[in-house]
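Since every read-out is calculated from the coordinates, none of them should be taken as a lab result. Keep in mind that what you see is a predicted model, and the values were worked out from it rather than measured. With ideal geometry, Cβ positions are generated from the backbone for all residues, glycine too; neighbour counts draw on all protein chains shown.
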Amino acid sequence: MLIVAGHFDVDPAERDEFITSKLDAMRGTRTENGCLEYVMSADPVDATRVVLFERWADQAAFDGHMAAMAAAPRGGGPAPKGFSVKIYDIAGERSFG
């Protein structure tokens, strides 16, 4: 399993528009083979941040997603001022509690 997590730095005045412009991409990505979770969400504490969280079944599924994005970029809207995103290779998981 892979987890892709990080954030986009945005102008607070454009944060809602940034997220709204990504809704169709989020919906489409969630239907892709191997996508377990995909969301971009406003950080409730910092108006300059939009949090990205993705969970993929495996590297092949993520690679397919990235190839699809390169072939047909989705979205639009305001550009982020920057971003920090990392990919985590997960060896196992367990239930919380």
(request) For segment 22-35, take each phi angle, set θ = phi - 60°, evaluate the Karplus expression 6.51 cos²θ - 1.76 cosθ + 1.60, and give the result in whole Hz per residue in order, putting x for glycine and proline. (result) 9, 4, 4, 5, 5, 4, x, 4, 5, 8, 6, 4, x, 7
(request) Return the long-range amide H neighbours of Val10 (sequence gap of 5 or more, or a different chain), with a cut-off of under 5 Å between placed amide H atoms. (result) Arg49, Val50, Lys81
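Relative to the Cα centre, what is the charge dipole magnitude of segment 2-89, using +1 at the beta carbon of each Lys and Arg, -1 at the beta carbon of each Asp and Glu, and rounding to the nearest 20 debye? Walk me through the numbers before you get to the answer.
Details: 9 positive and 14 negative charges, 17 e Å.
Dipole magnitude for segment 2-89 comes out near 80 debye.
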(request) Just report the Cα centroid separation between segment 1-59 and segment 66-97, whole Å. (result) 7 Å
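Can you tell me the equivalent ellipsoid semi-axes for the chain? Use √(5λ) from the Cα gyration tensor, largest first, whole Å. Kindly include the intermediate steps, with their values, before the conclusion.
On the way: eigenvalues 110, 60, 25 Å².
Ellipsoid half-lengths, sorted descending, are 23, 17, 11 Å.
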(request) Mind pulling the angle between the C-alpha long axis of helix 59-71 and the longest principal axis of the chain? Nearest 10 degrees, somewhere in 0 to 90. (result) 40 degrees
(request) Between beta-carbons, use under 15 Å as the cut-off and find the net charge around Arg27, counting Lys and Arg +1, Asp and Glu -1. (result) -1
(request) Provide Leu36, Leu2 in ascending order of the number of other Cβ atoms located within 10 Å of each residue's Cβ, fewest first. (result) Leu36, Leu2
(message) Counting only helical runs of four or more DSSP H residues, what would the 222 nm mean residue ellipticity of the chain come to if each run contributes -39,500 (n - 2.57) and the total is spread over all its residues?
(response) -8500 deg cm²/dmol
(message) Net charge within 11 Å of Ala68 by Cβ-Cβ distance, Lys/Arg positive one each and Asp/Glu negative one each, not counting Ala68 itself?
(response) -1
